[in-house]
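The values are calculated or read from the model by the stated rules, or taken from the named source; none is laboratory data. Being a predicted model, the structure only gives us computed values, none of them experimental. Cβ coordinates were reconstructed from backbone atoms using ideal geometry, including for glycine residues, and neighbour counts include every protein chain displayed. Protein only, heavy atoms only, side chains kept; ligands, DNA and RNA dropped before computing areas. Shrake-Rupley method; radii C 1.70, N 1.55, O 1.52, S 1.80 Å.
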Amino acid sequence: MIDIDGSYGEGGGQVLRTSLSLAAITGEPIRITGIRAGRKKPGLAAQHLTAVRAAARICNAQLRGDALGSMLVEFIPGSSVQAGTYTFDVSEALTGGSAGAIALVLQTILLPLALASGDSQVTLRGGTHVIFSPTVTYIEQVYLPILQRMGVQAKVKLGAWGWYPQGGGEVEMRVSGGSKLNGINLLERGNLKQVRGLAVVTELPSHIPQRMANRAENLLREAHLKVTVQALREKGVAPGAGIFLTAEYQNSLTGFGGFGRLRLSAETVAEIACQQLLEFHQTGAPVDEHLADQLLLPAALASHESQYRVAEISTHLTTNAAVIEQFGLGRITVNQCEQIVSVQPLKK
């Protein structure tokens, strides 16, 4: 059994998700202690508990410690990963519902299902666009297109938007099994082709997304970027608002967002997202801070070495690298000076 210290590095949920994915893929039993010790509320929150149970379901794993607030989980796979039709609902993990981010559950089970034999269809319910986690728009427009270059065939379709704190969102994911992963080389991003955006509200007046869209377009055009932002009123169970920008370069993609909240103007929400995008644009890097750690796992499972240059070397990245190396799958080198990450797979 591999013992994993969940308090290592940034002490967040990334340690848990990566460990679960790799345990399912390799069949190695794991024990994770100190789960999310670095967080204000340590232990398993609703989305983490859902990810544990989802990973267990796809490989018939035995579980110990799968409860809200638990800081220890034992996970013993009972079979190889089984393709199939699954439903995972974050709200079931917490009485009264939850807007726990379903993108984090998706990222836990995606690669195991992509490498399994057979195709899968997964329904995910909970928070689709939640601060401090990848949004479903980011998954759809940045994460999955980059993974497609590496050989992962998966698509998501957003059925309903789910914001904090109510949740209630829904996503359908289809995964083609039997993927063979390739390495990726992202050292140069090339010129910016375009920025496209979605300014979205649910259960709010239509002038709000239009104001977000107008402000974002004006700001980015002042910075001489080619941009189009679509204003939408969409389906959701509760009021919510946000703007989500995707920058498409010749060789890479990135995305940033801003979320509405009380006493925050539509224009300010747009300014938050634009500032993030412009700061990244000025780095010249092909890979944003968040994609940097999300690429480590597929790169370690690939057939050839990967290299990519990142905007920032975060503790998320170095923590995730240490977890992957515990499974003996890859040797990960982070060049701090040039901000280049190299991943050399060790075994297949």
Tell me which of these GLN344 doesn't satisfy, since it passes every other one: (1) open to solvent by 30 Å² or more (accessible area, probe 1.4 Å); (2) closer than 30 Å to LYS226 by Cα; (3) modelled with pLDDT of 95 or more. (2)
So GLN282 fits all but one of (1) under 23 Å from LEU186 (Cβ atoms); (2) open to solvent by 70 Å² or more (accessible area, probe 1.4 Å); (3) in contact with a strand residue (DSSP E or B) (Cβ under 9 Å, 6 or more places away or on another chain); what number is the exception? (3)
Give the residue, chosen from ILE146, ILE139, ILE131, that is of a type outside the set (Phe, Trp, Tyr) and touching a helix residue (DSSP H, G or I) at 6+ places or on another chain (Cβ under 6 Å). ILE139
Kindly indicate whether ALA273 is small (Gly, Ala, Ser), open to solvent by less than 10 Å² (accessible area, probe 1.4 Å) and not in a strand (DSSP E or B). yes
Any idea which of ALA321, ALA292 is without any contact (Cβ under 8 Å) to a residue 40 or more places away in the chain, more than 21 Å from GLN153 (Cβ to Cβ) and surrounded by 18 or more Cβ atoms within 10 Å (Cβ to Cβ)? ALA321
Determine, yes or no, whether ILE4 is in contact with a strand residue (DSSP E or B) (Cβ under 9 Å, 6 or more places away or on another chain), crowded, with 21+ Cβ neighbours inside 10 Å and under 20 Å from LEU296 (Cα atoms). yes
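Which one is least open to solvent (accessible area, probe 1.4 Å), of the residues in region 16-38 that are over 20 Å from LEU110 (Cβ atoms) and in contact with a helix residue (DSSP H, G or I) (Cβ under 8 Å, 6 or more places away or on another chain)?
ILE35
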Where a residue in region 127-149 is charged (D, E, K, R) and its partner, wherever it lies, is at pLDDT 95 or above and in a loop (DSSP other than H, G, I, E, B), with Cβ under 8 Å and at least six apart: ARG149/ASN182; ARG149/ILE184
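Do we find a residue being open to solvent by 60 Å² or more (accessible area, probe 1.4 Å), assigned to a strand (DSSP E or B), farther than 30 Å from MET150 by Cβ and in contact with a Ser or Thr (Cβ under 7 Å, 6 or more places away or on another chain) anywhere in region 231-253?
Yes: one or more hits.
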Filtering region 39-62 for residues that are open to solvent by 30 Å² or more (accessible area, probe 1.4 Å) and under 25 Å from LEU301 (Cα atoms) leaves a count of 5
Is there a residue being surrounded by fewer than 18 Cβ atoms within 10 Å (Cβ to Cβ), within 29 Å of VAL237 (Cβ to Cβ) and in contact with a Leu (Cβ under 9 Å, 6 or more places away or on another chain) anywhere in region 154-174? yes
